[in-house]
Amino acid sequence: MQVLVRDNNVDQALRVLKKKMQREGIFREMRMRDHFEKPSEKRVREKAEALSRVRKLARKRAIREGLVSGRPSAR
């Protein structure tokens, strides 16, 4: 991963780097590797992530088809 520093503005370059790392999921991966995860916990986590992806895709499809409004309902 590479970030250019323009006009000796290191703070801006650091912000850009952090944003890129966040988008790539590097921070999340570092947290996951920090501690050992049992295989059963890994299975449960991956299943939950897959379910979340499927629900998000279905929600986007329903919004696009007009079955559901794009706004969250006020409760």
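The values are calculated or read from the model by the stated rules, or taken from the named source; none is laboratory data. These numbers were taken from a predicted model, which means no experiment stands behind them. Using ideal geometry, Cβ is built from the backbone for each residue, glycine included, and neighbour counts are taken over all protein chains shown.
Annotation note: Cβ proximity below 7 Å between a residue of the stretch 21-39 that is on the phi < 0 side of the Ramachandran plot and surrounded by 10 or more Cβ atoms within 10 Å (Cβ to Cβ) and a residue that is aromatic (Phe, Trp, Tyr) and part of a helix (DSSP H, G or I) (sequence gap 6+ or interchain) occurs for Met21/Phe27.
For Val54, the requirement of being of a type outside the set (D, E, K, R), surrounded by 11 or more Cβ atoms within 10 Å (Cβ to Cβ), in a helix (DSSP H, G or I) and at pLDDT 90 or above is not met. Just wondering, is there one or more residues in the stretch 33-41 that are part of a loop (DSSP other than H, G, I, E, B), of a type in the set (A, V, I, L, M, F, W, C) and more than 17 Å from the chain's Cα centre (by Cα)? Within the stretch 33-41 (the criterion being part of a loop (DSSP other than H, G, I, E, B), of a type in the set (A, V, I, L, M, F, W, C) and more than 17 Å from the chain's Cα centre (by Cα)), the answer is yes, since at least one residue qualifies. Among the conditions (1) modelled with pLDDT of 90 or more; (2) surrounded by 10 or more Cβ atoms within 10 Å (Cβ to Cβ); (3) farther than 30 Å from Arg6 by Cβ, Gly70 misses just one, which is (1).
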